[in-house]
Amino acid sequence: MDIDPTQPWGLVIDYAGRATLTESGHTIHVNVSDTSLSSVIGPDSISGTYSPVNVTAQFTETGEGGAVLRGTGRITVMPVGADPVVPDPTAVRQAVAAALTDFATNAAAYVALCARWQPDDGAENGDGDGTTPDPATEPDPATEADPETAADPAAEAATETGTLTAATTGTGADDPAMV
């Protein structure tokens, strides 16, 4: 991704902190926003510090039969001391990279899920649903990682020391249509 050195966040954003860019053939929507619930940008009245700023990037690709894959990445830029957050042009690049990694992870998970199911004529088990699980591709519970506790290498790789933290979000793992 090319960073525009003339822009504080590395790309042109609108009044609401939104931008759209194309990366790796995907149209990615970026949003830069502070995490406060206030419309006034200022220090918190209790802590005296400014709110962190989230830089999110997300996109979806749709296919036949309503299949949808999503990629989402988020970078949080923390304020230093009592000063407001300083724009970081690398944060958008990191959020986009996290979204692309999340998308690739979701695509691989979707392929693995689809490989576990084979089309049938509906007569095998009599339920007529048209699919049966393939016992040869059943996951081994002893070796399969728990998605709730598994480490996210993309998020760890995108984490910078200092004021940035990274996380991928919104994988939709709990929604079968949004793997």
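The values are calculated or read from the model by the stated rules, or taken from the named source; none is laboratory data. If you're wondering where the values come from, they're calculated on a predicted model, not measured in any experiment. Note that we place each Cβ from the backbone using ideal geometry, even for glycine, and neighbour counts take in every protein chain shown.
So the values come out like this:
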| read-out | value |
| --- | --- |
| The range 84-106: number of residues that are out of contact with any Ser or Thr (no Cβ under 9 Å at 6 or more places or on another chain) and not in a helix (DSSP H, G or I) | 1 |
| Residue check for ASP88: closer than 27 Å to ILE13 by Cβ, in contact (Cβ under 8 Å) with a residue 24 or more places away in the chain, surrounded by fewer than 11 Cβ atoms within 10 Å (Cβ to Cβ) and of a type outside the set (S, T, N, Q) | no |
| Residues of the range 47-67 classified as among the hydrophobic types (A, V, I, L, M, F, W, C), outside any loop (DSSP other than H, G, I, E, B) and modelled with pLDDT under 90, total | 0 |
| Hey, VAL96 under 25 Å from the mean Cα position of the chain (by Cα), modelled with pLDDT of 55 or more, over 23 Å from ILE13 (Cβ atoms) and of a type in the set (Val, Ile, Thr) or not | no |
| Sole residue being over 19 Å from PHE103 (Cα atoms), of a type outside the set (A, V, I, L, M) and under 20 Å from the mean Cα position of the chain (by Cα), chosen from GLY10, GLY73, GLY81 | GLY10 |
| Residue selected from the range 72-85 under the condition of a type in the set (Val, Ile, Thr) and in contact with a strand residue (DSSP E or B) (Cβ under 8 Å, 6 or more places away or on another chain), by the criterion modelled with the lowest pLDDT | VAL85 |
| Of all residues making up the range 5-39, the number that are out of contact with any strand residue (DSSP E or B) (no Cβ under 7 Å at 6 or more places or on another chain) and among the aromatic types (Phe, Trp, Tyr) | 1 |
| Qualifying positions in the range 3-46 - under 17 Å from PRO89 (Cα atoms), charged (D, E, K, R) and part of a loop (DSSP other than H, G, I, E, B) | ASP4, ASP14 |
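Conditions tested, residue by residue: (1) without any contact (Cβ under 8 Å) to a residue 12 or more places away in the chain; (2) β-branched (Val, Ile, Thr).
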| residue | (1), (2) |
| --- | --- |
| ASP2 | yes, no |
| VAL40 | yes, yes |
| PHE59 | no, no |
| GLY73 | no, no |
| MET78 | no, no |
